[in-house]
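Shown next, in structure tokens, is the structure this report addresses.
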Amino acid sequence: MEESQAAGILERLASKEFEPAWSEFLGAYSPLILQTVKHFERDHDPVADCFLFVCEKLCEKNFRRLRSFKPGGAARFSTWLRVVVHNLCRDWHRQEYGRHRVFKSIARMETLDQDIFRCIFEQGLTQDESLSFLLPRHPQLTLAELEAGVERVRSALTERQTWLAGARRRTSLPLEIDPEGDPRESAPELVDPAPSAESVLVMNEQRGALEQALRHLSKPERLLIKLRFERGLTLQETASLLGLKDAQTVDRRQREVIEKLRKFMADSTTGRGKT
Amino acid sequence: MDKNNLIQFFKFRMTKFDQRPWGCLDESQIAAYADHQYAGREKERMEAHLADCDDCLDQVTFVVRSRNSELQESVPDALLLRAKRLAKAKPEGSTVWVWGKIAAATAVACLAVVTVISLRQSTTVTPVTPIQNPVIRPAQTPTQAVPAARVQRHPAIRGSQKSVFAPTVVSSLGGNGTLAGGIEIRWQPVSGAMDYEVMVLTPEGDQVWKKRTTEASIQLPRAVSLKAGQKYFVTIRAYLTEGKSVQSAPMAFTVGNQ
């Protein structure tokens, strides 16, 4: 039903009846567009602007984008539309806040200062978090040096650049992550818990080894780990996406991969100790 | 090493969405994959790509998660009306193509004529001066414009193509050196604008003051306290009749000591 309705709308968008067809399209799909927009923006004005930007782009060149959808093809129209709107929202975001490029003043600085810029100004990490994050790459770094680096970076940035870096950060909404499975049943916006100082320290020691271990996984294994722990999909969502039998299968496979990672990291540590 | 370690690892790992590698999936492929339409080697090929491409993986996971959540909100009527108007007065496709072809043909003909003439006359070609950006005229104030509020031009937002006009900040001093007329913000009227939204922001992006007006200038109320010596930004958004809006380039100004 949904597909035939969409096909009908798309057909009429290409005809002289495009105005009522566009109204019908908005009636049916504007909530979906709004939902996607709200993934990028939460404040009222930017939401409205982004929504209109998306609609304008969909209208452009006689609805060229919409008419490029092939009814009867592999994808459902609503799924395809979500992807299209998602990408248009990204375009809007880049247009509004600038493409994510390193400022020239920062690119000229030392690697450490560039890393400090990314941690403090772009990612919004605290100085303690930044120190933990940067220690594996800069083992001699102290808190005092970090503070000095922050000052160097701050003096190299204009107010506008500082604002832009912060604005980019403010518009990226947090992922919901729960390693046990179903985060959204309890909270609509669950931010993962802040790491304790100890766990961050342990993490720093393991980071390099883990990075390497991940590279040694097969691609399906790496995809599974990323879907679960980077993207925060639930066991059920992961099972459904990867075509696995059920959540238990994902859980079992995930444990196997984690064990494999653990073993690889232990082996690499032992290997280093021997040499 | 456990699940929480992995979550923390990925949290601190910085993904880059602007760098799309070769062979990325197009929108139809992303949607079809999310709809479980691939199987066998094709599916394996997709998943091999997704394992290493943050950009495509971001799109797939967004689709999976967003379609699982219900569409609760309807679009506000006013916004929907503006969206509906976007399709109005659109020329028919065939007409556009015809005019497009005519324009292209005319351009080619003109180019040919110019080339022929220039070859025959063998004259030296003077360099074409690029069109300069319009210069903002100094604000014409009924009272004396003074540097109580130092005004600076500021570069437009990187990547933005919307900054078609720029505000000007004007202040005036009284006889005793205080801000007599307060601070006034002016801008060139934008064609087709219904009204303007004026915002004063701190360098951190925090809003100090916001107001909508139909005029092309506005007086900052005295109740708005701006700190002497601190820099602020003014941006103006013009709302146009056809449902669009354009935003000005941000203008920085500093309030001097009164």
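We did not get these values from a lab; they are worked out from the coordinates using the rules stated. Please read these numbers as outputs of a predicted model, since none were measured by experiment. Note that each Cβ is placed from the backbone with ideal geometry, even for glycine, and that neighbours are counted across all protein chains shown.
Among A:M109, B:M194, what is the fewest-to-most ranking by other Cβ atoms within 10 Å? Provide the component values of the computation, followed by the final result.
Working: A:M109 18, B:M194 14.
Least crowded to most crowded, the residues run B:M194, A:M109.
Run the quick spin-label model on A:E259 and A:Q236: label points 7 Å from Cα toward the beta carbon, then report their separation in nm to one decimal.
Here the answer is 2.7 nm between the modelled labels.
Using the basic label-point model (7 angstrom from Cα toward the beta carbon), what is the A:T126 to B:E215 distance in nanometres?
Computed distance between label sites A:T126 and B:E215 equals 4.8 nm.
Taking the Cα-to-Cβ direction at B:L81 and at B:L111 and moving 7 Å from each Cα, how far apart do the two end points lie in nm?
4.6
Return the equivalent ellipsoid semi-axes of the stretch B:198-258 as a descending list in whole Å, where each equals the square root of 5 times an eigenvalue of the C-alpha gyration tensor. Walk me through the intermediate numbers first.
Numbers: eigenvalues 113, 33, 17 Å².
Three semi-axes, in Å: 24, 13, 9.
Considering only Cα-Cα distances, which of the following residue pairs are longer than 31 Å: A:K38/B:K101; B:K3/B:K43; B:K88/B:K231; A:K104/B:K3; A:K16/B:K101; A:K38/B:K3?
Pairs exceeding 31 Å: A:K38/B:K101; B:K88/B:K231; A:K104/B:K3.
Amide H neighbours of B:Q188 under 5 Å, at least 5 residues apart or on other chains, H built in the peptide plane: list them.
Result for B:Q188 returns B:A166.
Expressed as cubic angstrom per residue, what is the convex hull volume of the alpha carbon set of the stretch A:1-140?
So the per-residue Cα hull volume is 158 Å³.
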